[in-house]
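Okay, so here's the structure we're looking at.
The values are calculated or read from the model by the stated rules, or taken from the named source; none is laboratory data. In this text the structure is predicted, and so the values were computed from the model without any measurement. Methodologically, a virtual Cβ is constructed for each residue, glycine included, from the backbone with ideal geometry; neighbour enumeration extends over all protein chains shown.
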Amino acid sequence: MGSDNEAQMLLKTQTHPYSAMATAGGLPTESGQGESSDRIQMFIDGFDNKIGGGIKKGHVVLLAGTPGTMKSSVALNILYNNVKKKGVNVLYVSIEESKESLLTAMDMLGFPGIDESKFFIVDIGRLRLEHTDADVGRDWFKILKEYLRKKVENEGVEIVVIDSLTAIYSLASIQNPRQELFHFFGFLKRLGVTTFLISETQQNGGQFGPYHEDFLADGTILLKFVDVGETDVQLRIRAVKMRHSKIHHGYLTLIFKDGQFMATPPLAE
């Protein structure tokens with residue numbers, strides 16, 4: 001969500017003083033680590049090793065944060081690198097942005113030339129075309145279930161990003177939100193794909209969604225800005241929970257440099 005603005009902000013961080021660590025050998029790398037066949041890597045240097053080597057395959061994970069905290073960019077990074085380096089088929093479902101907007105954002109991030117036979121992007125316009133009754137009160141969770149099932153069966157999709165839960169809530173009139181979410185999360189787990197659900201948090205970061213979605217998710221990853229001094233901010237990332245993984249719960253500073261995300265211990269405040 002808001003990936004064009006996110007991409008522009010990320011490009012600015014390349015000249016930020018703390019990004020200099022990337023060229024000074026001060027950032028961790030994971031190139032020498034062993035990889036587990038039952039894990040999906042996020043391809044954030046210094047973070048995957050803090051969550052047991054990646055996300056357990058088949059899990060549903062909330063990627064939560066306030067607006068502007070690079071959630072969409074992190075999600076695109078996960079998909080792009082898993083296609084490029086692992087050869088898996090992936091799907092990005094955008095409820096707010098067009099496919100063209102997302103492709104522009106990916107170019108700005110340094111993720112060009114996607115293989116559209118493996119990296120599928122569907123936006124709200126396409127979903128509406130394929131489901132002509134979508135705007136007359138039809139259940140958007142049902143629409144998503146039908147679409148995801150077809151993509152998994154026909155295209156062998158293994159990783160899915162839905163951007164965002166917040167946007168779905170704005171489209172649909174949900175009679176019993178918690179019950180609907182319970183069934184939707186259950187569907188995703190039965191589908192067998194690894195799913196990242198982008199969710200907007202409150203400004204205080206105390207709630208990961210309006211309906212306590214974190215209780216249903218297998219994992220929650222939080223992104224937030226932290227004030228540093230009087231004039232600066234740092235973007236930080238934290239694994240709040242991750243089932244079947246030994247994780248580091250503390251915040252790490254998230255940096256973007258030359259098309260790569262990196263996480264490092266918090267820099268001096």
Among the candidates Ala20, Ala24, Ala7, which residue alone is crowded, with 17+ Cβ neighbours inside 10 Å and either modelled with pLDDT of 95 or more or among the small types (Gly, Ala, Ser) (or both)?
Ala7
Could you count how many residues in segment 171-189 are of a type in the set (A, V, I, L, M) and under 18 Å from the mean Cα position of the chain (by Cα)?
1
For Leu197, indicate whether it is over 11 Å from Val61 (Cα atoms), assigned to a strand (DSSP E or B) and touching a residue at least 12 places away in the same chain (Cβ under 8 Å).
no
Candidate set from segment 27-61 (those that are part of a loop (DSSP other than H, G, I, E, B) and among the aliphatic types (A, V, I, L, M)); member that is modelled with the lowest pLDDT:
Leu27
Condition test on Leu216, is it in contact with a Phe, Trp or Tyr (Cβ under 6 Å, 6 or more places away or on another chain) and surrounded by 14 or more Cβ atoms within 10 Å (Cβ to Cβ)?
yes
I'd like the full set of residues that are basic (Lys, Arg), closer than 17 Å to Gly54 by Cβ and assigned to a strand (DSSP E or B), limited to segment 212-269.
Arg238, Lys241
Do you know which of the residues in segment 149-179 that are at pLDDT below 90 and assigned to a helix (DSSP H, G or I) is farthest from Phe215 (Cα to Cα)?
Leu171
Candidates Leu197, Leu223, filtered to the one that is at pLDDT 85 or above and under 17 Å from Arg243 (Cβ atoms)
Leu197
Output the number of residues of segment 223-265 satisfying the condition of being under 21 Å from Phe182 (Cα atoms), out of contact with any Gly (no Cβ under 6 Å at 6 or more places or on another chain) and not basic (Lys, Arg).
2
Among Glu116, Glu146, which is among the acidic types (Asp, Glu), part of a helix (DSSP H, G or I), surrounded by fewer than 18 Cβ atoms within 10 Å (Cβ to Cβ) and modelled with pLDDT of 90 or more?
Glu146
Considering only residues that are of a type in the set (D, E, K, R) and either free of Cβ contacts under 8 Å to residues at least 12 places away in the same chain or at positive phi (or both), which ones fall in segment 228-247?
Glu230, Asp232
Yes/no for Tyr80 being assigned to a helix (DSSP H, G or I) and not small (Gly, Ala, Ser)
yes
Unique match (being crowded, with 20+ Cβ neighbours inside 10 Å and assigned to a strand (DSSP E or B)) among Ala64, Ala75
Ala64
Can you spot a residue in segment 121-140 that is surrounded by 21 or more Cβ atoms within 10 Å (Cβ to Cβ), farther than 26 Å from Arg236 by Cβ and not acidic (Asp, Glu)?
yes
Can you go through Gly192, Gly250 and tell me which one is within 20 Å of the chain's Cα centre (by Cα), surrounded by fewer than 14 Cβ atoms within 10 Å (Cβ to Cβ) and free of Cβ contacts under 8 Å to residues at least 24 places away in the same chain?
Gly250
